[in-house]
Amino acid sequence: MTASVQRQYLGAAAGHLPPDQCLPEIWLDYEEHATRARALLQALQALPQRHWACRCGEIVEGGFEQCWQCGALMPRD
């Protein structure tokens, strides 16, 4: 599948340009690749979120490695 990423680095301009104009886009060279590209995009959007319980009792979700409540670092298992 051949494709190109457009507006990949435009996120830094958010606030100066409308937000929907700053989102990256993937342009496909061939329409027949659209179904596979959508499936890959959907799989990326459905990745499970990591979460961990801090010693203060807060549940920290996403990619955060430090508790927003108390500042403790995520334990290394």
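Residues of segment 40-58 that are in contact (Cβ under 8 Å) with a residue 12 or more places away in the chain and outside any loop (DSSP other than H, G, I, E, B): 41, 52.
Picking from residues in segment 40-69 that are surrounded by 10 or more Cβ atoms within 10 Å (Cβ to Cβ) and closer than 23 Å to residue 2 by Cα, the one that is nearest to the chain's Cα centre (by Cα) is 41.
Let me spell it out: the conditions are (1) surrounded by 11 or more Cβ atoms within 10 Å (Cβ to Cβ); (2) free of Cβ contacts under 8 Å to residues at least 24 places away in the same chain, and residue 31 meets all of them except one. Which number is the exception? Looking at each condition in turn, residue 31 falls short on (1).
All of the numbers you see were taken from the coordinates with simple rules; none came from a lab. Everything numeric in this text was worked out from a predicted model, so none of it was measured. All Cβ positions, glycine included, derive from the backbone under ideal geometry; neighbour counts span all protein chains shown.
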